[in-house]
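The values are calculated or read from the model by the stated rules, or taken from the named source; none is laboratory data. Model, not experiment: these values are computed from the prediction. Using ideal geometry, Cβ is built from the backbone for each residue, glycine included, and neighbour counts are taken over all protein chains shown.
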Amino acid sequence: MKKINRIIMSMFLLAALTLAGCQSQSSGNADSFGNQVDHRIIGIDPGAGLMKLTDTAIKDYKLNNWTVQSGSESTMIAALDKAIKKKEPIVVTGWTPHWMFQKYDLKYLKDPKGSYGAAENIHTVVHKGFEKKDPNATKVLDQFSWTADDMGKVMLSIQGGTDAKKAAAQWVKDNKDKVSAWTKGADKVSGKTIKLGYVAWASEIASTNVVATVLEDLGYNVTLEQLGAGQMWAGLAKGSDDAIVAAWLPSTHADYMKQFKNKVTDLGPNLKGTKLGLVVPSYVKIDSIDDLKD
Ligand code: PBE
């Protein structure tokens, strides 16, 4: 009898220990990165290709209980800045080139499933027919090509408080060789107008203002139109804008390109080797999108 009691007792003990073990595991979950950030990714404007790709990532990695908070580039940066000041965990949607990688110590979460696509390029795209209407401006737009470092200089200057137009003019002044390669074979004009559409992303503010400066120096009357991503593509397709230098292809703006491909002409890349993904401060322990799962 005593022996049976002892066996029953030890079975109870085992069960209790197993339970305790489970509990300690679930209290580990309560501490998971997901719980720390309320299973929320800080996103940007809803029309951005990056938001679509983030929805894909959530499906690919089965992050069923996660949400993406939309806002804008500035609300994303504000949230990131606040978290970093308090050394709190955060995960945001990010891209390169961007000055945030110069200002903060950040890392991309690894993307083993490739939801964000491979490195891509930023293309210059014009309204279909613009190449015939203004071959001179098209030549300049087609020859416009620079590097992430070039763009980085303009972005940092704007981020440092310089007016975008002034920052662009300064870069143009400091980089006469590059600019003369873009304007090679183009004529000076007078009384001609051109409308460029763009979205208020740091990268696009920099590139669009630089191209506008170069066209203005040739005598063009340039109008810059700040729009949402969807409006920018629709405006280009309609012809209310002549050109954009802000088409991230082949992945980020794939849907827009597919929708409007018969109404636009792709002049090819103006900057090569961009990157998109989920970004965290370097002090955050996780390394991969896979680690977002509890
Ligand atoms: N971005 C910056 C854009 C393209 C340029 C990555 C935020 C997007 O996601 O559409």
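Any idea which of D142, D149 is out of contact with any helix residue (DSSP H, G or I) (no Cβ under 9 Å at 6 or more places or on another chain) and either in a helix (DSSP H, G or I) or on the phi > 0 side of the Ramachandran plot (or both)?
Values: D142 fails: out of contact with any helix residue (DSSP H, G or I) (no Cβ under 9 Å at 6 or more places or on another chain).
On inspection, the qualifying residue turns out to be D149.
For the range 197-244, the set of residues classified as free of Cβ contacts under 8 Å to residues at least 60 places away in the same chain, within 14 Å of the ligand (Cβ to nearest atom) and in a strand (DSSP E or B) consists of G197, Y198, Q226, listed by residue number.
Picking from residues in the range 248-294 that are charged (D, E, K, R) and within 16 Å of the ligand (Cβ to nearest atom), the one that is farthest from I90 (Cα to Cα) is D266. Return the residue satisfying two criteria in turn: it lies in the range 69-87 and is more than 14 Å from the chain's Cα centre (by Cα) and in contact (Cβ under 8 Å) with a residue 24 or more places away in the chain, and of such residues it is nearest to G47 (Cα to Cα). The residue in question is Q69.
I'd like to verify a number: residues in the range 76-105 that are out of contact with any Lys or Arg (no Cβ under 6 Å at 6 or more places or on another chain), closer than 18 Å to I289 by Cβ and within 12 Å of the ligand (Cβ to nearest atom), how many? Lay out the reasoning, then the answer.
Residues of the range 76-105 that are out of contact with any Lys or Arg (no Cβ under 6 Å at 6 or more places or on another chain), as a first pass: 76-95, 97-105.
Then drop every residue that is not closer than 18 Å to I289 by Cβ, which leaves 76, 80, 89-95.
Narrowing further to those that are within 12 Å of the ligand (Cβ to nearest atom): 76, 92-95.
Residues meeting the conditions: 5.
Kindly indicate whether D266 is assigned to a loop (DSSP other than H, G, I, E, B) and either in the same structural domain as V199 (by TED's automatic domain parsing) or over 21 Å from the mean Cα position of the chain (by Cα) (or both). In short, no.
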